[in-house]
Amino acid sequence: MSLPPRAEVVVVGAGLAGLSAATRLAAAGCDVHVLDAADHPGGRLATERVDGFVVDRGFQVLNTGYPRAADLDLPALELGWFWPGAVLRVDGHAHRLVDPRRRPAGLPATLHAPVGSPLRKAAIAAYSAHAGYTPVDRLLRAREVSAEQRLRTAGVGDAALERLFRPFLAGVLLEDRLETSSRYLDLLWRSFARGAIGLPARGMQAVGEQLAARVGAGRVHLGVRATSVAGDAVTTTAGPVRAEAVVVATDADTAAGLVPGLTATAPRQVTTHLHVLPSSPWPSPLIVLGTPSGRLVNSVVLTDAQPAYSRDGRALVASSSLLPTTAAEVRDEVAALHGVGAADLDHLTSLTVPRAQPAALPPLQLRRPVDLGGGLYVCGDHRDTPSIQGAMASGARAARAVLRALRPTDRGAA
Ligand SMILES: Cc1cc2nc3c(=O)[nH]c(=O)nc-3n(C[C@H](O)[C@H](O)[C@H](O)COP(=O)(O)OP(=O)(O)OC[C@H]3O[C@@H](n4cnc5c(N)ncnc54)[C@H](O)[C@@H]3O)c2cc1C
């Protein structure tokens, strides 16, 4: 179906924010149309096939501890799981650190992991319990500092900070100074403490495809770019569309260009190198963390968690750096992290995502306004937290705001 000249609601952007808004609006009976400049739904959750391997646009995972993961049909994604923990390399030796609550067999190795004294390990456990099980409103009332200061105050100690938290969080926050808001750190750590992380069998793009399918046939228009927006109309490369409400669900920079007065925070970037190994060197699916002297924040055998990423049983390895490294620069480091010979690594592809996600510096601006007035709404990870959760939560809020305006008497819908 081509883009109609008129719709009740137009959503600009078929990332998880726009699709979360659109699925709710469609479920409430709205005549909603979504348009996206790209050729696939899901926005930054993008996947392609390279030589038969499933390659996501940057290493990312779905965390079932996110509250909004409840909106997804998780079984249909056929997720393959990472274990909750990580491998640390210290002086060439690999040490496994596994959440003993969920993998009791990992307790002895975890107790011996070089991340500080038993007291420090107790502090890590206490911080995890606090973030995981304190009510969110109390977490959000705590004094806001940097993530690093939060961890130091929690007493995790230097060894755990440098060997575990800094590389682990750098891979998630896409910054290694740990200058991110302690409030976001607490929310993030909460999701890791409560959920599991996994990869869909058909790649991360499958998450967006699942939501797009729910919006309805012919209602998601790909390859259509919005060039200007107002509360009652959108101008696009496929012609103008009039609407009663317009939801701008693009990335922060594009939203700031389309809507005067919106500001974009500094984006984070990441470079990911994909290599192939004849087989995995590891017995269990764990993220291998970068070392303080290296360029990589992590390196992961994706196929240990999700075997469907390879069609022939070879192992697919994703290694991420915050600086725009070349594959040649990190090859030896990838080999050392996995304890394999550099000659065993076949380079598949490398990619840099320059605007991977917005920064979440203090003061954290959670739940930024989504209703801009006059029929114009905005959502996206820049209105909440820089994550799948933030994108989906902001889309849900935008949908509620639209429904309050368009269906004021339908309390259930809004
Ligand atoms: C490499 C990488 C790793 C990540 N790792 C994780 C992770 O492990 N866990 C996690 O929770 N989050 C992670 N994130 C962040 C997460 O992917 C994003 O926060 C989330 O996907 C943002 O969704 P969104 O809908 O807000 O924006 P987007 O996904 O950017 O969607 C915006 C859409 O708008 C479209 N668009 C832009 N301009 C126009 C226009 N003018 N007209 C029409 N359409 C337009 C774009 O094509 C895009 O599809 C990662 C991101 C990257 C890139």
Point to revise | Subset of region 357-388 [assigned to a helix (DSSP H, G or I) and either charged (D, E, K, R) or open to solvent by 30 Å² or more (accessible area, probe 1.4 Å) (or both)] | key: D381, R383
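Do we have T409 as in contact with a Phe, Trp or Tyr (Cβ under 8 Å, 6 or more places away or on another chain) and among the hydroxyl-bearing types (S, T, Y) here?
On the way: in contact with a Phe, Trp or Tyr (Cβ under 8 Å, 6 or more places away or on another chain): no; among the hydroxyl-bearing types (S, T, Y): yes.
For T409, the condition - in contact with a Phe, Trp or Tyr (Cβ under 8 Å, 6 or more places away or on another chain) and among the hydroxyl-bearing types (S, T, Y) - is not met.
Restricted to region 1-25, and to residues that are surrounded by fewer than 21 Cβ atoms within 10 Å (Cβ to Cβ) and at pLDDT 95 or above, which residue is nearest to M392 (Cα to Cα)?
So the first thing to find is which residues in region 1-25 are surrounded by fewer than 21 Cβ atoms within 10 Å (Cβ to Cβ), and the list is 1-6, 8.
Retained after the next criterion (residues that are at pLDDT 95 or above): 4-6, 8.
Values: P4: 26, P5: 28, R6: 26, E8: 21 Å.
Looking at residues that are surrounded by fewer than 21 Cβ atoms within 10 Å (Cβ to Cβ) and at pLDDT 95 or above, I get E8.
Just checking, which of V353, V334, V330, V340 is of a type outside the set (K, R) and assigned to a loop (DSSP other than H, G, I, E, B)?
Going through V353, V334, V330, V340 in turn, the sole match is V340.
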Exercise for review: Run down A213, A245 and say which single residue is out of contact with any His (no Cβ under 6 Å at 6 or more places or on another chain), under 22 Å from A398 (Cα atoms) and open to solvent by 50 Å² or more (accessible area, probe 1.4 Å).
Suggested key: A213
Practice item. State all residues of region 74-91 that are of a type in the set (A, V, I, L, M, F, W, C), in a strand (DSSP E or B) and buried (at least 19 other Cβ atoms within 10 Å of the Cβ); if no residue qualifies, say none. Key: A86, V87, L88
Exercise for review: Among the residues of region 166-183, write down those that are assigned to a helix (DSSP H, G or I), open to solvent by less than 10 Å² (accessible area, probe 1.4 Å) and more than 20 Å from T271 (Cα to Cα).
Suggested key: S182
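Could you list all residues from region 235-261 that are out of contact with any Cys (no Cβ under 8 Å at 6 or more places or on another chain) and either near the ligand (Cβ under 9 Å from one of its atoms) or not assigned by TED's automatic domain parsing to the domain that holds G395 (or both)? Spell out the reasoning first.
Here is the first cut: in region 235-261, the ones out of contact with any Cys (no Cβ under 8 Å at 6 or more places or on another chain) are 235-246, 250-261.
T236, T237, T250, D251, A252, D253, T254, A255, G257, L258 - these are the residues of region 235-261 that are out of contact with any Cys (no Cβ under 8 Å at 6 or more places or on another chain) and either near the ligand (Cβ under 9 Å from one of its atoms) or not assigned by TED's automatic domain parsing to the domain that holds G395 (or both).
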Practice item. Give me a count of the residues in region 144-186 that are under 20 Å from the mean Cα position of the chain (by Cα) and either in the same structural domain as V353 (by TED's automatic domain parsing) or on the phi > 0 side of the Ramachandran plot (or both). Key: 2
Review point. Applying the selection to region 216-233, what residues are open to solvent by 30 Å² or more (accessible area, probe 1.4 Å) and not in a loop (DSSP other than H, G, I, E, B)?
Key: V220, L222, T227, S228, A230
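Test D99 against the criterion of being among the acidic types (D, E) and farther than 24 Å from A170 by Cβ, and give yes or no. Steps first, answer last, please.
Working: among the acidic types (D, E): yes; farther than 24 Å from A170 by Cβ: no.
So D99 fails the test.
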**Study point:** Where A238 falls short, out of the listed (1) under 22 Å from the mean Cα position of the chain (by Cα); (2) in contact (Cβ under 8 Å) with a residue 12 or more places away in the chain
**Key:** (1)
Study note, to complete from the structure: If we keep only residues of region 389-414 that are within 14 Å of the ligand (Cβ to nearest atom) and of a type in the set (G, A, S), then the residue surrounded by the fewest Cβ atoms within 10 Å (Cβ to Cβ) is A396
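Take Q365 and decide whether it is of a type in the set (S, T, N, Q) and either within 30 Å of V87 (Cβ to Cβ) or in contact (Cβ under 8 Å) with a residue 40 or more places away in the chain (or both). Can you show your working first?
Working: of a type in the set (S, T, N, Q): yes; either within 30 Å of V87 (Cβ to Cβ) or in contact (Cβ under 8 Å) with a residue 40 or more places away in the chain (or both): no.
The answer is no for Q365.
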Exercise for review: Scan region 110-139 residue by residue and report those that are open to solvent by less than 40 Å² (accessible area, probe 1.4 Å), over 23 Å from D176 (Cβ atoms) and either touching a residue at least 60 places away in the same chain (Cβ under 8 Å) or touching a strand residue (DSSP E or B) at 6+ places or on another chain (Cβ under 8 Å) (or both).
Suggested key: T110, G132
Revision key, fill the gap. Those residues of region 315-341 which are touching a residue at least 60 places away in the same chain (Cβ under 8 Å) and open to solvent by 20 Å² or more (accessible area, probe 1.4 Å) amount to L322, A336, G339, V340
Check your understanding: Name the pairs: first residue in region 20-42 and under 13 Å from V10 (Cα atoms), second residue modelled with pLDDT under 95 and more than 9 Å from the ligand (Cβ to nearest atom), Cβ to Cβ under 7 Å, at least 6 apart or on different chains?
Key -> A26/G216; H33/L3; L35/L3
Review point. Among the residues of region 290-309, is there at least one that is more than 15 Å from the ligand (Cβ to nearest atom), at pLDDT 95 or above and assigned to a strand (DSSP E or B)?
Key: yes
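For region 283-294, check the following and say yes or no: at least one residue is of a type in the set (S, T, N, Q) and free of Cβ contacts under 8 Å to residues at least 40 places away in the same chain. Explain how you work it out, then say what you get.
Filtering region 283-294 down to residues of a type in the set (S, T, N, Q) leaves 284, 291, 293.
Those left that are additionally free of Cβ contacts under 8 Å to residues at least 40 places away in the same chain: 293.
The answer is yes; a qualifying residue exists.
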Practice item. State whether one or more residues within region 53-70 are more than 7 Å from the ligand (Cβ to nearest atom), more than 17 Å from the chain's Cα centre (by Cα) and open to solvent by less than 40 Å² (accessible area, probe 1.4 Å). Key: yes
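The values are calculated or read from the model by the stated rules, or taken from the named source; none is laboratory data. Keep in mind it's a predicted model, so treat the numbers as computed, not measured. So basically every Cβ, Gly included, is an ideal-geometry build from the backbone, and we count neighbours across all protein chains shown. The protein model used for the area step is the full one, side chains on, heavy atoms only, and it has no ligands, DNA or RNA in it. Shrake-Rupley method; radii C 1.70, N 1.55, O 1.52, S 1.80 Å.
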